[in-house]
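Quick notes on the structure that follows.
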Amino acid sequence: MQAGSDIPVWRKIGPSPPPANPRQRVPILIIGAGPVGLTAALDLGRRGHEVVVLNRLDFVAAGSKAICFAKRTLDIWNRLGVGDAIVEKGVIWNEGKVFWGDDPEPIYQFDMLPVKKQKMPGFVNIQQYHVEDRLLWALEAFPNVDIRWGHELTGIQAGPNGARARTVCQAGSYDIDADWVLACDGAKSPTRTLMGLAFEGRVFEDNFLIADIRMAGERPSERWFWFDPPFNRGRSALLHRQPDNVWRLDFQMGRGIDREACIKPEYVADLICGMLGQHVEFCPEWYSIYTFECRRMARFVHGPVIFAGDSAHLVSPFGARGCNGGIADIDNLAWKLDLVLRGLAQPGLLESYNYEAIVAAQENILNSSRSTDFMTPKCGASSALRDAVLELAREHSFARPFVNSGRLSAPVSYPDSPLNTSDEAEANWRSVAPGSPAVDAPTAAGWLLDKLGGDFVLLGRDFHDGPEGIRTLDVNSLGDVAALIEERYDLKTGSACLVRPDQYVAARWRAPTRVGVERALRRAMGDADE
């Protein structure tokens, strides 16, 4: 089903009417209603802010897009009340296997959830349109969020007191004045283009074929990756299971290919049967050829216009770092923007988003580029090195970390963030450091991350002298599993750590004081004098 374009439709919604007031002012305008924009709308809507979302399309798009969502993303969605629904629909997997050549047995396998006893799994596979549906259903409970389908941004002017967005819809054009604009409008970001901002990086020349197919049968819910398989000699291939008997198959095709010929049904069928067996029965869902880029903007914050997700940074799909990185951007940004809008922090706090999100983007681009170079060696020496690593990995565990079939998405730490408070001298911590995400653990009733919530929390053991206005959570109140939490956070008697609203640790103390906690709290809220 199409809607006047080559974009397939998952769920038709229809164009939204224009606003009654042709010139209106809103606190927050979000451009784009993909997973990143909808997550931003849900986070800020739950915090009580009025939000308008513009989406160029008037439907939820189908087709082959993001499918692999990492534990950190699931933790974020869990905080926003949609994690359980996404996990329930999705295919859970924690293990991956790597194959090489003609050997039907993996040269090794790995576990994406090495720290057990956490609420969310290592990964969930679920089609992007299912994610968008569940975010949209959650947003129905928030009348302060207005999603405008079929409304397209055609111009933007940023100034010292906000931005004016020129918008076109079926009924005509109108302007929106916004205090803040979040550009979540994807790799070809109209916002970025309209503002004339550069998007620099590396373009890769290899082509890859995505084949989403529907087939029945029982196969393990694992990530399978092949180097130089017999059905795609000299190249690589990838297999993922999705909900509703849909499978994602990914084949490296090389450079200089005939793109039209490579998506012909008979050509793709040969590859599929080579991977899954000559007599496999399947129905095509979506075939496409793609190349990719690793690029980013120099800055993500441009006055009142803030970029997140693919509009700000772009990576290859290997490692599932694209959409997961965009959700992490929103997790980092939303609480900071909330404090600024409520007058509890200065706009300068948003510079910490610029810093931390760029640190994350750089790490994701680095890992993505390295994965691509390992998977698609460009010379004989690189091929020989890769094959030597694969050969060693069969028998020797030390070589396995060097096998790069896509460094899978993991949370990024900010050890040098301006929001961190340094540890006390010689504190000898063996736990989550400032600038790193909190680790989940079971409690007597529920899970630790659920109890941390989305505000500043002082997590401690037998420390009861925290400052007013900040919630204190004593691990001794969490039941007979408190010992596990104490171990994961290295909380000795009297210790404490300060957790940010995005569930990152900002500070930790062996001997906390009220004054010290207050100082760390001000620093975590962007007070540069502390």
Across (1) touching a Gly at 6+ places or on another chain (Cβ under 6 Å); (2) under 25 Å from residue 10 (Cα atoms); (3) in a loop (DSSP other than H, G, I, E, B), residue 286 clears everything bar (3)
Would you call residue 87 part of a strand (DSSP E or B) and either in contact with a helix residue (DSSP H, G or I) (Cβ under 6 Å, 6 or more places away or on another chain) or modelled with pLDDT of 90 or more (or both)? no
State the number of residues belonging to the stretch 286-317 that are of a type outside the set (Gly, Ala, Ser), over 16 Å from residue 180 (Cβ atoms) and surrounded by 20 or more Cβ atoms within 10 Å (Cβ to Cβ). 9
Hey, among the residues in the stretch 483-500 that are surrounded by fewer than 22 Cβ atoms within 10 Å (Cβ to Cβ) and touching a residue at least 12 places away in the same chain (Cβ under 8 Å), which one's nearest to the chain's Cα centre (by Cα)? 488
Pick from the stretch 182-197, criterion in a loop (DSSP other than H, G, I, E, B) and in contact with a helix residue (DSSP H, G or I) (Cβ under 9 Å, 6 or more places away or on another chain), ranking: surrounded by the most Cβ atoms within 10 Å (Cβ to Cβ): 184
Matching strands (runs of 3 or more DSSP E) fully within the stretch 203-271 where at least 2 residues are surrounded by fewer than 14 Cβ atoms within 10 Å (Cβ to Cβ) and touching a strand residue (DSSP E or B) at 6+ places or on another chain (Cβ under 8 Å): none
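Listed here are the residues, each with its yes/no results for (1) part of a strand (DSSP E or B); (2) closer than 22 Å to residue 40 by Cα; (3) touching a Cys at 6+ places or on another chain (Cβ under 8 Å); (4) modelled with pLDDT of 95 or more.
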site	(1), (2), (3), (4)
113	no, no, no, no
131	no, yes, no, yes
142	no, yes, no, yes
147	yes, yes, no, yes
168	yes, no, no, yes
176	yes, yes, no, yes
179	yes, yes, no, yes
Does residue 176 satisfy the condition of being in contact (Cβ under 8 Å) with a residue 24 or more places away in the chain, touching a Leu at 6+ places or on another chain (Cβ under 9 Å) and within 27 Å of residue 12 (Cα to Cα)? yes
If I ask for residues that are out of contact with any helix residue (DSSP H, G or I) (no Cβ under 8 Å at 6 or more places or on another chain) and under 14 Å from residue 146 (Cβ atoms), which ones from the stretch 38-62 would you list? 50, 52, 54
Among the residues of the stretch 370-386, write down those that are out of contact with any Pro (no Cβ under 7 Å at 6 or more places or on another chain) and either in contact (Cβ under 8 Å) with a residue 40 or more places away in the chain or of a type in the set (Lys, Arg) (or both). 370, 371, 372, 375, 376, 378
The stretch 42-82: number of residues that are among the acidic types (Asp, Glu) and at pLDDT below 95: 0
What are the residues in the stretch 369-380 that are part of a helix (DSSP H, G or I) and crowded, with 16+ Cβ neighbours inside 10 Å, if any? 369, 371, 372, 374, 375
Answer yes or no: is there a residue in the stretch 69-78 that is in the same structural domain as residue 327 (by TED's automatic domain parsing), in a strand (DSSP E or B) and touching a residue at least 40 places away in the same chain (Cβ under 8 Å). yes
Looking at this structure, is residue 248 out of contact with any Gly (no Cβ under 8 Å at 6 or more places or on another chain), within 30 Å of residue 191 (Cβ to Cβ) and not assigned by TED's automatic domain parsing to the domain that holds residue 46? yes
Flagged in the stretch 270-310 as under 28 Å from residue 255 (Cβ atoms) and among the small types (Gly, Ala, Ser), in numbering order, are 274, 288
Would you say residue 153 is surrounded by 21 or more Cβ atoms within 10 Å (Cβ to Cβ) and closer than 19 Å to residue 43 by Cβ? no
Pick from 438, 399, 410: which is without any contact (Cβ under 8 Å) to a residue 40 or more places away in the chain, surrounded by 15 or more Cβ atoms within 10 Å (Cβ to Cβ), out of contact with any Pro (no Cβ under 7 Å at 6 or more places or on another chain) and within 30 Å of residue 108 (Cα to Cα)? 399
Any residue at all in the stretch 381-389 that's outside the structural domain of residue 226 (by TED's automatic domain parsing), surrounded by 15 or more Cβ atoms within 10 Å (Cβ to Cβ) and under 30 Å from residue 328 (Cα atoms)? no
Going through 366, 390, 339, 385 one at a time, which residue ends up being part of a helix (DSSP H, G or I) and either among the acidic types (Asp, Glu) or touching a helix residue (DSSP H, G or I) at 6+ places or on another chain (Cβ under 8 Å) (or both)? 339
Within the stretch 158-171, does at least one residue satisfy the condition of being crowded, with 17+ Cβ neighbours inside 10 Å, of a type in the set (A, V, I, L, M) and touching a helix residue (DSSP H, G or I) at 6+ places or on another chain (Cβ under 7 Å)? no
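The values are calculated or read from the model by the stated rules, or taken from the named source; none is laboratory data. It should be emphasised that the depicted structure is a prediction, and the values quoted were computed from it without experimental measurement. Please note: Cβ atoms are built from the backbone with ideal geometry, for glycine as well, and neighbour counts cover all protein chains shown.
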